[in-house]
Structures are given as C-alpha cells and as structure tokens.
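> Below: one structure in structure tokens.
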Amino acid sequence: MFGVRAYAKVSIESQVNAASPHQLIVMLYDGLLESMRFALAHMRGNNPLKKGEEISRALRILQEGLIPALDFEKGGDISTQLMGIYEYVSQHMVIASARNDEEKLQVCIGMVENIREAWMAIGGQVTS
C-alpha cells in the first residue's frame, strides 16, 4: 500500500510542476469536489471521523488554495463574488457536517461544480 501512495504522491507532484496556473485551479477544484463527495459518502455511511477528515481537507483547499489565488486587482467583481461563494460554501459545509445534512452538502457540491465548469469553459482564453 505504501508503494501505491508514494507513486500517487509523485504523480500529483509531477502534474503540479507541469501545470499552468489555470490547470492548478482546476486541480484545486477537483480536489475540493473529491473531498466534498467523500464527506457525503461518509455522512451516508455513518462514519463521522472520515467525514470530518474530508470536510477539513475541503476547507483547507478553500482556505489555503482557492481563496489565496483570488486576484482582487485583476479579477475585480468576479474575485469578490467568488470570495462570497467560497465563504458560503465553507460555512455551509461545516453546518452540513455538524447536522449530517446531506442536502446542504449537495448544494455546496453543486455550487463548486458550476464554478469548475465555468472555469473550464474559459480555459482556452487564459494565457497566464
């Protein structure tokens, strides 16, 4: 099992090193969605420890990856709106986790999916 984890870590590091800034954001969205979906599965499977770990991972991706990537000078209103969405998703993920509210977590997942799709749609237009 250690070999698989080590290989996966090297693979991810290689992808990060080769990725454009746009692709890095996609990777953050993918990781966020993966954690949120795992949290939902653990919520359904009545595994509060794993659910909490996945919610914590999702919050770290938001707080240490996506929020710091916002450029309020260049992004203007879009950055401000994304910040509001990220804050909403953060708060509601915590509430959903505390209350085992699958529907609230699904709403958060849907919001992030929509943002990721929009980000992918502009992919060809982004140069740096």
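The values are calculated or read from the model by the stated rules, or taken from the named source; none is laboratory data. In this text the structure is predicted, and so the values were computed from the model without any measurement. All Cβ positions, even for glycine, are placed from backbone atoms using ideal geometry, and neighbour counts span all protein chains on display.
> Please work out if S90 is among the polar types (S, T, N, Q), more than 12 Å from the chain's Cα centre (by Cα) and either modelled with pLDDT of 95 or more or surrounded by 11 or more Cβ atoms within 10 Å (Cβ to Cβ) (or both).
No; evaluated as a whole, the condition is false for this residue.
> Okay, moving on. Output the number of residues of the stretch 93-128 satisfying the condition of being closer than 14 Å to I67 by Cα and surrounded by fewer than 14 Cβ atoms within 10 Å (Cβ to Cβ).
Of the residues in the stretch 93-128, 0 are closer than 14 Å to I67 by Cα and surrounded by fewer than 14 Cβ atoms within 10 Å (Cβ to Cβ).
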